[in-house]
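Engineer: There's a structure below that I have some questions on.
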Amino acid sequence: MQITIQKTPKSRLSEVDFDNLAFGRSFADHMLVAEYADGEWKSAKIQPYGPLSYQPAMMSIHYGQAIFEGMKAYRSKKGEVLVFRPEENMKRFNKSAVRMCMPEVPEELFLGGLKQLIELDNAWVPEKEGCSLYIRPFMFATDEYVGVSPSTTYKFIIFNCPVGSYYSKPLRVRVETEYIRAAKGGVGFAKNAGNYGGSLYPTVQANKAGYDQIIWTDAATHQYVEEAGTMNLMFIINGALVTAPTGDTILDGVTRKSVIRIAQDWGVEVQERLLSVKELVEGISSGAVTEAFGAGTAAVIAPIQTIGFEGKDYELPARKDSDFSAKVFNEISQIRLGEIADTRGWIYKI
Ligand code: COI
């Protein structure tokens, strides 16, 4: 696929404070924009990052045909740019597309476009420890039509943000037992915009009560732990890694599957199974649950300090360097930075 390139007349690189990067507030100079119409992807172009104009009747803003992904590129000590498992994100993006009646994006556009875009904005990949270039591919319906049906035209865009940490300290999370994120047969496994819109109200309620995030429970009974919305949830219980099985209601996280694979390679028992909130809080009280953490592209490995349930806070033990979550974080960080051998074929070199 031919991708035309229109370079920015003036880079904004010097305006960014790379020593104090927040998450998702700075945007690299260029973006990739492609159009889908007449049953095919066309007019792929790399152009300056900036506003696009659309009609008020554009379908995606009315009926939510909008999906996205999140990936990260890292700068190795040798100066190379390494992207972590982008093929997995491409596969998940296309699964989300199918569920939302949207066209799939071919590899030459998703990965080929990403490669050319990052080559052009190479200088935007941060060097500082703990920082990376967050990559945001997304697609939305663009027909100008008010009827409810799949759009016939779409835009696929990739833009990039140099970022620091998403969470800067161990988290306080609250078990949500009133609202739901996803139900069987729904769209919980897809990375569609509406899943995130729907999570805002209960999350804001939890924030007001002093928690950073919520733990979603299953829609039918509110008894079982699902995910946190910005990340999958993982626990160490009696030495085993325990996480909810993926399915209709849980995002098939790339960091989640990477942690599972590393645990298996290290000989740590992995249990992908239902975990009841009762087992979780009783396990924290008895000492069986020794670690709780989130796993996601933005969050990476985010330790959980406190779990709130029915008005009571359950405190996890203080974090130690010998914890599984600390060790797996180091392993993933070293792979992402090219500091240890990529024995599992996870790195895509730009
Ligand atoms: C990611 O981890 O990349 C996500 O898409 C989560 C988002 C809430 C930042």
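Engineer: Give the separation of the Cα centroids, the range 227-300 to the range 145-210, in Å.
Structural biologist: Going from one Cα centre to the other spans 20 Å.
Engineer: Along the principal axes of its C-alpha atoms, what lengths does the range 210-347 span, in descending order and rounded to whole Å?
Structural biologist: If we take the Cα atoms of the range 210-347, the spans are 45, 33, 29 Å.
Engineer: Next up: Return the single residue from Ser325, Ser149, Ser276 with maximal mean-square fluctuation; model: Gaussian network over the chain, springs between Cα atoms under 10 Å.
Structural biologist: It is Ser149.
Engineer: Which log10 I(q)/I(0) values, to two decimals, does the range 31-77 give at q = 0.20 Å⁻¹ under the Debye formula with one point per Cα?
Structural biologist: The computed values of log10 I(q)/I(0) come out as -1.03.
Engineer: Follow-up question, since we're still on this one. Given a cut-off of under 8 Å on Cα pairs at least six residues apart, what relative contact order in percent is computed for the range 1-147?
Structural biologist: It comes to 31 percent, rounded to a whole number.
Engineer: When the Debye formula is applied to the Cα atoms of the range 209-263, each taken as the same point scatterer, what base-10 log of I(q)/I(0) results at q = 0.25, 0.31 Å⁻¹?
Structural biologist: -1.10, -1.32
Engineer: Relative to the longest principal axis of the C-alpha atoms of the chain, give the angle of the C-alpha long axis of helix 277-286, reported between 0 and 90° and rounded to the nearest 10°.
Structural biologist: On a 0 to 90 degree scale, this one is about 50.
Engineer: How large is ³J(HN,Hα), in whole Hz, for each residue of the range 240-254 in order, when computed from phi with the Karplus curve 6.51 cos²θ - 1.76 cosθ + 1.60 and θ = phi - 60°, using x for Gly and Pro?
Structural biologist: The phi angles translate into 9, 7, 10, 8, 5, x, 6, x, 4, 9, 10, 6, 7, x, 6 Hz.
Engineer: Given the DSSP H assignment, sum -39500 (n - 2.57) over each helix run of at least 4 residues in the chain and divide by its residue total; what's the result at 222 nm in deg cm²/dmol, nearest 500?
Structural biologist: When only DSSP H runs of four or more count, the value is -7000 deg cm²/dmol.
Engineer: Something else about it: Normalised radius of gyration for the range 112-151, please: alpha carbon Rg relative to 2.2 N^0.38 Å, two decimal places.
Structural biologist: 1.88
Engineer: Here is a further query. List, in order, the whole-Hz ³J(HN,Hα) value for each residue of the range 208-216 obtained from phi through the Karplus relation with A = 6.51, B = -1.76, C = 1.60 and θ = phi - 60°; use x for Gly and Pro.
Structural biologist: Going residue by residue, I get 4, 8, x, 10, 7, 8, 10, 9, 6 Hz, with x marking Gly and Pro.
Engineer: While we're here: State, to one decimal in nm, how far the label point of Ala220 lies from the label point of Phe18, with both points 7 Å from Cα in the Cβ direction.
Structural biologist: Modelled inter-label distance: 5.2 nm.
Engineer: Which chymotrypsin sites (Phe, Trp or Tyr not before Pro) in the range 249-350 sit in a loop by DSSP (not H, G, I, E or B) and have at most 16 other Cβ atoms within 10 Å of their own Cβ?
Structural biologist: Hits after loop and neighbour filter: Trp266.
Engineer: For Gly287, what is the net charge nearby, where nearby means another residue's Cβ is under 15 Å from its Cβ and Lys, Arg count +1, Asp, Glu -1?
Structural biologist: -4
Engineer: Skipping prolines and chain starts, which residues have an amide H placed within reach, meaning under 5 Å, of the one on Gln223, given they are 5 or more residues away or on another chain?
Structural biologist: Here Asp218 satisfy the definition.
Engineer: Follow-up question, since we're still on this one. Would you mind finding the longest exposed-site-free stretch of the chain, with exposed trypsin sites (Lys or Arg not before Pro) meaning DSSP loop and at most 16 other Cβ atoms within 10 Å?
Structural biologist: That gives 185-272 as the longest site-free run.
Engineer: Let me ask another. Of all the Cα-Cα pairs you can form in the chain, what percent are over 35 Å apart?
Structural biologist: 25
Engineer: Hey, another quick one. What relative contact order, as a whole-number percentage, does the chain give when Cα pairs under 8 Å and 6 or more residues apart are counted?
Structural biologist: 19
Engineer: Then there is this: Bin all alpha-carbon pair distances of the range 155-228 at 10 Å intervals from 0 and give each bin's fraction as a whole percent.
Structural biologist: 17, 42, 31, 10, 0
Engineer: Continuing with the same structure: Tell me, what is a quarter of the convex hull surface for the C-alpha atoms of the range 144-268, in nm² with one decimal?
Structural biologist: In nm², the orientation-averaged hull projection of the range 144-268 is 11.3.
Readers should treat all values here as calculations from the given coordinates under stated rules, not as data from a laboratory. Nothing here was measured: the structure is a model prediction, and the numbers come from that model. Because the Cβ atoms are built from the backbone with ideal geometry, glycine has one as well, and the counts that use them run over all protein chains shown.
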